[in-house]
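The values are calculated or read from the model by the stated rules, or taken from the named source; none is laboratory data. Everything numeric in this text was worked out from a predicted model, so none of it was measured. We place every Cβ from the backbone using ideal geometry, glycine too, and count neighbours over all the protein chains shown. Side chains included, ligands, DNA and RNA excluded: accessible areas come from the protein's heavy atoms. Shrake-Rupley method; radii C 1.70, N 1.55, O 1.52, S 1.80 Å.
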Amino acid sequence: MDERLKKVIDESQNIVFFGGAGVSTESNIPDFRSESGLYHAQQKYGYSPESMLSHSFYAGKTKLFFQYYKENLIYPDAEPNDAHKALAKLEEMGKLKAVVTQNIDGLHQKAGSRNVFELHGSVLRNYCQKCGKFHDVDYIMDEANCREGVPYCECGGIVKPDVVLYEEMLDDDCVSGAVKAISEADTLIIGGTSLAVYPAAGLINYFHGKNLVLINKTETPYDSRANLVIYDAIGKVMKL
């Protein structure tokens, strides 16, 4: 672990981690907002990822939505990387109180983190819009449960991923929990995010603790507010 970061962690008792796509890319999950992701989507599907991952697209072009979603957002073989593992270990030690993530892959929990606020939901959970029954990711990927790629529940309702699409609101309880954790933290470590996606990025304004640490490969709009800024891969920086 980076020595400067280690010193901050050693002196902290209530750490919260806030992470974005950069945490998952080190587990070989591509960032669909990247230049190559945008180009790929436009070339193959004829729309931008933001368009296809919107509520109105889901409602109006459900078949194409699921084609894009299944081909680009589901990574069943992805494994937690050194950042996920380090955070789980810090929670086990009693140092880290919560993980707030914009990612939808469930890798924090897979690494062992228990108190995780998933701002944008999770691909691992899916629910029937008719009866409300929850289904796992294997269910929606099984073509036996699908008609033209669209998953259906036993009751006949469409099974929707429990992810927050563009045009949809974040879950109130999840946001409240994240805000409470951040506002009570003495140290906030932000990693793998350019802090450009709102309202998630606005959560940083609830932090009033001692140490603000930013770990990202590129600059963010909040660098000047941080006590420590590290421009590097988060797994490399946090590896225990």
Selection count where residues are at pLDDT 95 or above, in a helix (DSSP H, G or I) and surrounded by fewer than 20 Cβ atoms within 10 Å (Cβ to Cβ), scope the stretch 182-204: 2
Looking across the stretch 35-63 at residues that are under 29 Å from L214 (Cβ atoms) and polar (S, T, N, Q), the single one that is modelled with the lowest pLDDT is S36
Which of the residues belonging to the stretch 154-181 are of a type in the set (D, E) and either touching a Leu at 6+ places or on another chain (Cβ under 6 Å) or assigned to a helix (DSSP H, G or I) (or both)? D172, D173
Residues of the stretch 117-137 being buried (at least 17 other Cβ atoms within 10 Å of the Cβ) and farther than 27 Å from V179 by Cβ, which ones? C128, H135, V137
Do you know which of the residues in the stretch 16-73 that are of a type in the set (D, E, K, R) and assigned to a helix (DSSP H, G or I) is least open to solvent (accessible area, probe 1.4 Å)? K70
Scan the stretch 78-97 and tell me whether some residue there is touching a helix residue (DSSP H, G or I) at 6+ places or on another chain (Cβ under 8 Å), surrounded by fewer than 23 Cβ atoms within 10 Å (Cβ to Cβ) and part of a strand (DSSP E or B). yes
Does L228 satisfy the criteria of being aliphatic (A, V, I, L, M), over 17 Å from E26 (Cβ atoms) and in contact with a Phe, Trp or Tyr (Cβ under 9 Å, 6 or more places away or on another chain)? no
Just one of the numbered conditions (1) in contact with a strand residue (DSSP E or B) (Cβ under 6 Å, 6 or more places away or on another chain); (2) modelled with pLDDT under 95 is not true of F32; which one? (1)
Quick one: would you say I140 is surrounded by 17 or more Cβ atoms within 10 Å (Cβ to Cβ) and in a helix (DSSP H, G or I)? yes
Conditions (1) of a type in the set (S, T, Y); (2) under 27 Å from D10 (Cβ atoms); (3) open to solvent by less than 70 Å² (accessible area, probe 1.4 Å): number failed by Y231: (3)
If we scan the stretch 205-214, do we find a residue that is in contact with a Gly (Cβ under 8 Å, 6 or more places away or on another chain), in a loop (DSSP other than H, G, I, E, B) and either of a type outside the set (A, V, I, L, M, F, W, C) or buried (at least 19 other Cβ atoms within 10 Å of the Cβ) (or both)? no
Tally time: how many residues in the stretch 98-137 are aliphatic (A, V, I, L, M) and assigned to a strand (DSSP E or B)? 6
Every residue from the stretch 101-116 that is over 9 Å from the mean Cα position of the chain (by Cα), open to solvent by 10 Å² or more (accessible area, probe 1.4 Å) and in contact (Cβ under 8 Å) with a residue 24 or more places away in the chain: K110, A111, G112, N115
